[in-house]
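Note sheet for the following structure.
The values are calculated or read from the model by the stated rules, or taken from the named source; none is laboratory data. Remember, it's a predicted structure, so these values are computed and weren't measured experimentally. We place every Cβ from the backbone using ideal geometry, glycine too, and count neighbours over all the protein chains shown.
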């Protein structure tokens, strides 16, 4: 059996859950795909998952209502011991990053994270994942005993590819959760001061990465953005350095965008950035490194020095707009 | 406060990958290395906590002798001493093994707080910190953007997806994986570099009998998911052609 761990917040399944189900179905071959949902009063989510799984296990407990790694690890360990799945498949989310490695150690299970593809099915499957900031792709196999755990990168499998059929049975499982073993006390989630810009609404985006080299060069990207009627955005390191505010960050820890045009200036294209922008309709990459992973998702590319290319682009755009 | 900061040595960002003969690892002789950037933020946070609460910062690393480079750098930036689990077999170790050897070396030190970076720029599994916490039998939290110590307890701001955050309290000792951007990095001074030479680096042998939990079958250059039109020529020509393509072909302008 392949057991998919569904992820929900405030009673809603996230898209990553469906992507993990799509990956599990591709992995399955002849093996049954089942799902488990942890939470408090989340019975309706089990029903929602049922058409995509041979069976859905519903584990409800007051101590699973608010996520903590200690409670979720206890619950997963209990369910895995009971069901003995060959694989445990989870989305690669901020939540599973927090508890899957802990559960893996406690269960003695091998864990491969951040999977973007797979080859083969069932016991002979190998898992594809980026390494070295996306400069290389690796094919990895689990070693050792225990259920093989996998986390699936966001956006790598298509949620709408999930095969649905007659709803599987929903089975309630009791998980004993030891309150005394929960060491974290979480407070309610909150957002910082309102986001000034909603990059999700932008038609065009000019995004800068490390290749911009210094804060004073941000103005160059802003000039290109003006010439294209675009918003300026950035990869994480630029915002970490304080060169642009955090609310202009694109990627797994920032905003996810899919504009008509995305121009990546000096962005190498680590997976954490790509997940935030690869749905853009047209992607342009300008980078001095011809092997930069950003070119893998680009429709148009220029290998060159952005400090030469961008001024040329601006002057071309301005020339054409005065010609019209 | 006795603070441990786990650091890793990874290839530099400028490094162009080349593979070994059986394409299961990189050609190490070609590589120049640097401190894993997320770990630099963990180190900086450890030093800021030491400034506020007193105590010491001990950097802990696992890897071959070459890892001394980043250990010395961390000492030059201000760490007090270092633990180095040294073995050539750790050059490409997975998270399970790295966390196991670090746990074995760190357990008897009984650190109050262990900090790691969010993930490494080589494997990028984002597992070592959480696994290390479990092996040390201490609580953890991940992707931390602020650390407060209040009445001997930890209160940390965890980053969630999509601009959301959450405060989480837990007892000490504990382990945190630190998000990049939590602080502004400070670099080594000349005085720091000179002083680092005298600081203690304790070499710890790797425990026997550990197993990897995964095996790299092959490494390759990434496949392109799109047919990319590369625009070439002189810079003005390329700029002109790109604007034409974006306007007429992609209809994106």
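Here are the numbers for the structure shown:
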item	result
Whichever residue in region B:202-217 is at the interface with chain A (Cβ under 9 Å from one of its Cβ atoms) and surrounded by 14 or more Cβ atoms within 10 Å (Cβ to Cβ) and, among such residues, is nearest to residue B:90 (Cα to Cα)	B:212
In region B:9-44, residue nearest to residue B:214 (Cα to Cα) [restricted to those that are more than 13 Å from every other protein chain (Cβ to nearest Cβ) and buried (at least 21 other Cβ atoms within 10 Å of the Cβ)]	B:9
Strands (runs of 3 or more DSSP E) wholly inside region A:226-322 that include at least 3 residues being buried (at least 24 other Cβ atoms within 10 Å of the Cβ), modelled with pLDDT under 95 and outside the structural domain of residue A:209 (by TED's automatic domain parsing)	none
Filtered residues of region A:8-33 (kept if surrounded by fewer than 23 Cβ atoms within 10 Å (Cβ to Cβ) and under 19 Å from residue A:59 (Cβ atoms))	A:8, A:9, A:10, A:11, A:12, A:13, A:14, A:32
Matching entry among B:146, B:109 (being surrounded by fewer than 24 Cβ atoms within 10 Å (Cβ to Cβ) and without any contact (Cβ under 8 Å) to a residue 60 or more places away in the chain)	B:146
Qualifying residue in region B:178-194 (condition: within 23 Å of the chain's Cα centre (by Cα), touching a residue at least 60 places away in the same chain (Cβ under 8 Å) and at positive phi)	yes
Some residue of region B:183-201 being within 30 Å of residue A:284 (Cα to Cα) and either surrounded by 14 or more Cβ atoms within 10 Å (Cβ to Cβ) or more than 7 Å from chain A (Cβ to nearest Cβ) (or both)	no
Residue match in region B:123-143 (condition: in contact (Cβ under 8 Å) with a residue 60 or more places away in the chain, part of a loop (DSSP other than H, G, I, E, B) and either out of contact with any strand residue (DSSP E or B) (no Cβ under 8 Å at 6 or more places or on another chain) or facing another protein chain (nearest Cβ under 7 Å) (or both))	no
Condition check for residue A:219: touching a helix residue (DSSP H, G or I) at 6+ places or on another chain (Cβ under 6 Å), assigned by TED's automatic domain parsing to the domain that holds residue A:319, more than 30 Å from residue B:42 (Cα to Cα) and surrounded by fewer than 20 Cβ atoms within 10 Å (Cβ to Cβ)	no
In region B:219-253, residue modelled with the highest pLDDT [restricted to those that are in a loop (DSSP other than H, G, I, E, B), at the interface with chain A (Cβ under 7 Å from one of its Cβ atoms) and farther than 30 Å from residue A:140 by Cβ]	B:231
Boolean, residue A:89 is buried (at least 19 other Cβ atoms within 10 Å of the Cβ), more than 18 Å from residue B:121 (Cα to Cα) and in the same structural domain as residue A:158 (by TED's automatic domain parsing)	yes
Condition check for residue A:200: within 11 Å of chain B (Cβ to nearest Cβ) and outside any helix (DSSP H, G or I)	no
Whichever residue in region A:203-225 is part of a loop (DSSP other than H, G, I, E, B) and in contact with a strand residue (DSSP E or B) (Cβ under 9 Å, 6 or more places away or on another chain) and, among such residues, is farthest from the other protein chains (Cβ to nearest Cβ)	A:209
Search result, residues across region A:72-93 that are within 9 Å of chain B (Cβ to nearest Cβ) and over 16 Å from the mean Cα position of the chain (by Cα)	A:73
Extreme residue, farthest from the chain's Cα centre (by Cα), among residues of region A:285-299 that are within 7 Å of chain B (Cβ to nearest Cβ) and within 20 Å of residue A:210 (Cα to Cα)	A:291
Residue match in region B:94-108 (condition: assigned by TED's automatic domain parsing to the domain that holds residue B:17, within 15 Å of the chain's Cα centre (by Cα), outside any helix (DSSP H, G or I) and within 16 Å of residue A:104 (Cβ to Cβ))	yes
Subset tally (residues that are in contact (Cβ under 8 Å) with a residue 24 or more places away in the chain and touching a helix residue (DSSP H, G or I) at 6+ places or on another chain (Cβ under 9 Å)) for region A:116-142	11
First in region A:94-113 and facing chain B (nearest Cβ under 7 Å), second anywhere and in a helix (DSSP H, G or I) and at pLDDT below 95, Cβ under 9 Å, 6 or more apart	A:94/B:161
Which numbered condition residue A:176 fails, given (1) in a loop (DSSP other than H, G, I, E, B); (2) at the interface with another protein chain (Cβ under 9 Å from one of its Cβ atoms); (3) modelled with pLDDT under 95	(2)
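Rundown of residues vs (1) under 15 Å from residue B:202 (Cα atoms); (2) assigned to a helix (DSSP H, G or I), yes/no style:
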site	(1), (2)
B:4	yes, no
B:15	no, no
B:23	no, no
B:43	no, yes
B:47	no, yes
B:52	no, yes
B:72	yes, yes
B:76	no, yes
